[in-house]
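Heads up, the thing below is written out as structure tokens.
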Amino acid sequence: MQSVCIKNNRSRDSLTYGELQENTDKSTEVKVKISSCFLNRLDIFTIMGVKGIELDLTKLHILAEDFAEKVVEVEQKITDKKIRDRVLVNPGLICSKCENCLKDMTELCSNPGSN
């Protein structure tokens, strides 16, 4: 899969584009073929290291995560999607409990993915 990523450094010089290995062992996911996407303000916040966005950048972090396209594969545990369904993807995972979430500033969630 082609991707724009950031690793180790919070600067635009650390952006890389290239081929990444696809994750193929998730029985609860769908695969979406993306023809185009874009960087949004959260990607810029991540690159800049804005307070509230704490990521482990010793691993690759894929940027440009908002897109709408069609499903091309459906794994076994998925029952509400089928191939060729159109989907809008907003991959943000928020805790709904931190100060930023409670102030409806979920893009700055202090504990993303902890819910």
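Coupling constants for the range 68-81 follow from the phi torsions by the Karplus curve (6.51 cos²θ - 1.76 cosθ + 1.60, θ = phi - 60°), and in residue order they are 10, 7, 10, 6, 10, 9, 10, 7, 4, 8, 8, 10, 9, 10 Hz; glycine and proline get x.
Quick one: Glu19, Glu75, fewest Cβ neighbours within 10 Å first, how do they rank?
Details: Glu19 8, Glu75 14.
By the 10 Å Cβ count, ascending, the order reads Glu19, Glu75.
May I ask which of Lys26/Lys97; Lys7/Lys77; Lys77/Lys103; Lys7/Lys82; Lys26/Lys70 have a Cα-Cα span longer than 30 Å here?
Those over the limit are Lys7/Lys77; Lys77/Lys103; Lys7/Lys82.
Straight-line reach from Lys31: taking Cα to Cα under 15 Å and skipping same-chain neighbours fewer than 8 places apart, the aspartates and glutamates in range are Glu22, Glu65, Asp66, Glu69, Glu73, Glu75, Asp80, Asp85. Distant-in-sequence amide contacts of Val4, defined by a placed amide H-H separation under 5 Å and a gap of 5 or more residues or a different chain, comprise Leu63. Taking amide H atoms as placed 1.01 Å from N in the peptide plane, the amide H of Asp66 lies under 5 Å from those of Phe38, each 5 or more residues away in sequence or on another chain.
Bear in mind these aren't lab numbers, they're just calculated from the coordinates by the rules spelled out. Quick caveat, the model's predicted, so the values are computed rather than measured. When we count neighbours, we look across all protein chains shown, and the Cβ atoms used for this are built from the backbone with ideal geometry, even at glycine.
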